[in-house]
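Structure first, then comments.
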Amino acid sequence: MNLNMEDDGFKLVKNRRRKRYKKSIDTIRHEYMNDIGTLNLNSKNDIVEKIQKCLYEISFFVKIFDTNLKEIIASHHHHDNRPSRIDQIVCFGLGNFTRSRSSLYQFALLKHLMEHDEFIHPSAKFIIYDPIFTEFERNILKSFGFQILQNNNNCRYTINRSSSSNESIILFFMPHMDYNHYYNVLDCNRENIDHIIIFGNSFDNCMNETYFTEYSTDLRRFLQQIGSKKLKLIEHHLFGNKNDHFYNEIFYRQSLQRLFFISKTMIPSASHKN
């Protein structure tokens, strides 16, 4: 797949006021989730320092995340008793991490994951896209080793998995995205669906609650195949520390989840306009 990466370069751009960017968090909004403003992050050193502080503040959640990620990776079938590791992380919808506290905490978790040798293959690739990234943020991301997509086609990102690596895993890091975006990821990767882990909104909630909008229709239709024994879902809910509402809400209703086709006949694509 041709990724169309942006050119290298590092240029500091002063923050300018923009329209508020709202990330979907089921149907619930929290004031700090849309706190676009300034976090006084004007250099890479500022961001590195702030990331370390964020990781310290959410250390309890990070431990829960690591434990559950280890378990869900272990659920991947592998040969010769070799542990599977993540070959690629694809992040969509992170937001302005230099201007939004919620995005910064999510970015801190992403950076922690990138540097976790137990989970990440040494040659792993890190792909990221959000249309609202500033030029300063894009250059920071490049300096951290991210490849930036110019367009993600509504999250229809088809993974390229090496045929010689049957144990490869691709993690889609997509907190608080609309459910149609998760469907688009799964729909265009049906042949490799058992090699995908998604960190994002709970699929269980999508299936079992009634207040979701038309944006979840295709995903719900897709997930209904679980009951027909064609599809298996492994989901690890990440509720965190019940006494710490701040980072619980940053990662509100987030899960680590994997899907497996049980039968050889794959589920037909649903008609959609995405």
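No lab work stands behind these numbers, since they all come straight from the coordinates. This structure is a prediction, so every number in the text was calculated from the model and none was measured. In this analysis, Cβ positions are derived from the backbone assuming ideal geometry, glycine residues included, and neighbour counts consider all displayed protein chains.
For Asp178, enumerate residues with amide H under 5 Å from its amide H, sequence gap 5+ or separate chain, H modeled in the peptide plane.
For Asp178, the qualifying residues are Ser24.
At 7 Å along the Cα-to-beta-carbon direction for both Phe60 and Arg220, put a label point, then send me their distance in nm to one decimal.
The two pseudo-label positions are separated by 3.4 nm.
Apply the Karplus curve 6.51 cos²θ - 1.76 cosθ + 1.60, θ = phi - 60°, to the phi angles in segment 88-96 and return the couplings in whole Hz, x for Gly and Pro.
Rounded to whole hertz, the list is 7, 10, 10, 10, 10, x, 5, x, 7.
For segment 71-152, what is the charge dipole size about the Cα centre, in debye to the nearest 20, if Lys and Arg each add +1 at the Cβ and Asp and Glu each add -1 at the Cβ?
The calculated dipole for segment 71-152 is roughly 260 debye.
Could you pull out the pairs from Lys63/Lys111; Lys50/Lys111; Lys44/Lys125; Lys63/Lys232 whose alpha carbons sit more than 23 Å apart here? Please list the in-between numbers first.
On the way: Lys63/Lys111 14 Å; Lys50/Lys111 12 Å; Lys44/Lys125 21 Å; Lys63/Lys232 26 Å.
Pairs exceeding 23 Å: Lys63/Lys232.
I want to check the label-to-label distance for Asn153 and Asn192. Put each point 7 Å from Cα in the C-beta direction and report it in nm to one decimal.
If labels sit at Asn153 and Asn192, their model points lie 1.3 nm apart.
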